[in-house]
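Just so you know, all these numbers are worked out from the coordinates, no wet-lab data involved. No experiment lies behind these values; they were computed from the predicted model shown.
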Ligand SMILES: Nc1ncnc2c1ncn2[C@@H]1O[C@H](COP(=O)(O)O)[C@@H](OP(=O)(O)O)[C@H]1O
Ligand SMILES: [Mg+2]
């Protein structure tokens with residue numbers, strides 16, 4: 001079992017302070033995410049879809065190698081937490097716990113969808129966490145949609161949609177909490193791969209909320225949450241507590257990202273499931 005990480009009320013650290021990011025770090029995050037995405041698009045064309053396992057493994061590894069070599073070259077004093085990192089750059093690393101700057105990276109989020117021909121719901125996540133500030137510079141590439149979202153751009157909250165709200169959920173692991181929110185809001189569920197693609201669907205206005213529970217890690221949500229918070233969207237744990245990054249255990253199993261006006265009713269509906 002994993003306990004919920006300390007909330008900001010305990011650590012005093014906000015989830016994100018995007019206004020404190022340097023322009024160079026945001027540009028670097030976006031360059032990295034876009035570059036890894038281009039590599040992944042080419043790799044899909046070269047390897048093809050006949051052996052999904054081989055495509056997934058090659059994608060994870062090559063994107064990770066590209067991203068970690070670029071961080072080592074351009075930001076040699078920074079620490080890294082990557083889903084695919086080994087030793088100090090992976091989940092067992094401890095240098096990051098004393099570091100002031102940590103790049104939290106998911107080289108290929110939505111690996112399953114990446115290996116399915118025609119799907120565009122997969123992403124590359126690059127976030128910078130800074131001590132005392134939380135997430136600062138972040139970028140999320142959606143390479144098959146040819147777009148990279150970043151913390152220095154504004155993705156404004158649109159007027160509420162006409163008709164039913166739309167709630168993005170995992171294609172393979174939709175949580176009961178999302179059903180409860182959908183029932184309370186009279187919403188429909190929209191299955192989609194990749195945490196990054198789902199959060200970016202929220203900030204693009206394609207859906208109104210993303211509800212996840214039951215398991216995830218810091219790299220799955222850090223960059224998407226950084227981008228969402230920078231534009232004024234709601235992003236918390238599903239009990240309303242602040243998301244906290246660079247914890248000793250990177251397990252961060254749930255989150256709610258949504259239009260700010262839906263946060264109250266969504267959190268209330270989730271509370272009712274306990
Ligand atoms: N119950 C769970 N335990 C661990 N990771 C989970 C999870 N549910 C979702 N995830 C991770 O969250 C990301 C988005 O999942 P989904 O597409 O189902 O919404 C995926 O990342 P990866 O593709 O990087 O592995 C997936 O592995
Ligand atoms: Mg992931």
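Each Cα pair under 8 Å and six or more residues apart adds its sequence gap; the mean of these over the residue count of the stretch 169-256 is a relative contact order of 29 percent.
Based on alpha-carbon atoms only, what is the radius of gyration of the chain relative to the globular estimate 2.2 N^0.38 Å?
Values: Rg = 17.4 Å, N = 274, 2.2 N^0.38 = 18.6 Å.
With N residues counted in the chain, Rg over 2.2 N^0.38 Å equals 0.94.
Taking 10 °C and 1.306 mPa s as conditions, the stretch 58-123 diffuses translationally at an estimated 126 µm²/s according to Stokes-Einstein applied to its Kirkwood radius (Cα pairs).
Would you mind computing Rg(Cα) / (2.2 N^0.38 Å) for the stretch 163-223, counting N as its residues?
Values: Rg = 10.9 Å, N = 61, 2.2 N^0.38 = 10.5 Å.
With N residues counted in the stretch 163-223, Rg over 2.2 N^0.38 Å equals 1.04.
Would you mind getting the Kirkwood hydrodynamic radius of the stretch 181-274 from its Cα pairs, rounded to one decimal in Å? One over the average 1/r among Cα pairs gives 13.3 Å for the stretch 181-274. Here the Gaussian network model covers the chain, with springs between Cα atoms less than 10 Å apart; of 50, 36, 223, 50 fluctuates the most. Helix content alone sets the calculated 222 nm mean residue ellipticity of the chain: runs of n ≥ 4 DSSP H residues at -39500 (n - 2.57) each, divided across all residues, give -11500 deg cm²/dmol. Values of log10 I(q)/I(0) for the stretch 1-116 across q = 0.09, 0.20 Å⁻¹ run -0.31, -1.15, by the Debye formula with one identical scatterer at each alpha carbon and no solvent. Taking every DSSP bridge with both residues inside the chain, close to 70 percent are antiparallel. Per the Cα gyration tensor, the stretch 27-186 maps to an equivalent ellipsoid with semi-axes of 28, 22, 16 Å, ordered largest to smallest.
Note down the relative contact order for the chain as a percent, whole number, built from C-alpha pairs under 8 angstrom at least six residues apart. Numbers along the way, then the final one.
Details: 613 pairs, mean separation 56.9, N = 274.
Contact order relative to length: 21 percent.
What does the C-alpha gyration tensor say about the overall shape of the stretch 114-222? Classify as rounded when a/c is under 1.5, otherwise prolate if a/b is larger than b/c, or oblate. Walk me through the numbers before you get to the answer.
Working: a/c = 1.45, a/b = 1.37, b/c = 1.06.
In terms of gyration-tensor shape, rounded.
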